[in-house]
């Protein structure tokens, strides 16, 4: 029986993330082989970037897929309208601006955030961004994704038949 | 500008890019890695090599990439196939990857492909 995954950032390849099962409840939830996942960690190259006043939108390509990511910048706006969504782990305005400067075309980034739906497509609402200077980091992430899938994420959920 | 139409650059090893390969397709979005052999500033064409296989890269759309021979580079772009099956990658992304363990990269790529194939087959069942 696998441990619950909804409290951690699962290390995942883009192809896997983009093929999650979406449950259209009042707030969409996401299942991977029957297990709820809410947060993800990706490593890939920035292949597209669009900076607007209130947010930065970018695409991360890890070789298996392109994942849309959004980094919110206008925290005054967020606080006024969706304060129930914010938690202590959300970046503040200064942190978000600093992270947005790391997002440049061609850079290798580690991105962590919440899995959300936008206009019918899965995307990541970014919590943090790390510039990875060592190109071997991407290789390590591929191998970690494969190993974790096999040893942890693919295990049956607690309620599944055969789960121990 | 973020576009949902951008396809991922599928990582390939240069020796896999032969005319009989399924990856050798006009317009295929690929990610290639190799050592820079030469760079022609007039035509903005780079030549990268991996082992005994080389590939031309059209770099005219790249910005902020400085080219040094014998350094390792990775490019993402679309494959253009000309007469006599001569191929050139029209790069939209390029980066220096000095320090990348190329042998480990290629081994890990094979493992990652197996995982992707497993994922695709589990979605079909």
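The values are calculated or read from the model by the stated rules, or taken from the named source; none is laboratory data. Only a predicted model underlies this, so the values are computations on that prediction, with no experimental measurement involved. Ideal geometry is used to build each Cβ from the backbone, glycine not excepted, and the neighbour counts take in all protein chains shown.
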Test for residue B:39: is it within 9 Å of chain A (Cβ to nearest Cβ) and in contact (Cβ under 8 Å) with a residue 24 or more places away in the chain: no
Residue within the stretch B:113-124 that is facing another protein chain (nearest Cβ under 9 Å), under 17 Å from residue B:71 (Cβ atoms) and touching a helix residue (DSSP H, G or I) at 6+ places or on another chain (Cβ under 8 Å) present: no
Check on residue B:99, part of a loop (DSSP other than H, G, I, E, B) and at pLDDT 95 or above: yes
Elements of type strands (runs of 3 or more DSSP E) contained in the stretch A:1-72, each with 2 or more residues being buried (at least 19 other Cβ atoms within 10 Å of the Cβ): A:9-11, A:29-32, A:35-37, A:39-51, A:55-61, A:66-72
Residue within the stretch B:49-62 that is away from chain A (no Cβ under 13 Å), in contact with a strand residue (DSSP E or B) (Cβ under 9 Å, 6 or more places away or on another chain) and under 19 Å from residue A:136 (Cβ atoms) present: yes
Residues that are in contact with a helix residue (DSSP H, G or I) (Cβ under 7 Å, 6 or more places away or on another chain) and part of a loop (DSSP other than H, G, I, E, B), drawn from the stretch A:89-131: A:91, A:92
Those residues of the stretch B:1-36 which are part of a loop (DSSP other than H, G, I, E, B) and within 14 Å of chain A (Cβ to nearest Cβ), in sequence order: B:1, B:2, B:3, B:4, B:5, B:6, B:7, B:8, B:9, B:13, B:23, B:28
Qualifying residue in the stretch B:75-87 (condition: over 23 Å from residue B:51 (Cα atoms), in a helix (DSSP H, G or I) and more than 7 Å from every other protein chain (Cβ to nearest Cβ)): yes
In the stretch A:41-60, residue farthest from the other protein chains (Cβ to nearest Cβ) [restricted to those that are touching a residue at least 40 places away in the same chain (Cβ under 8 Å) and under 13 Å from the mean Cα position of the chain (by Cα)]: A:41
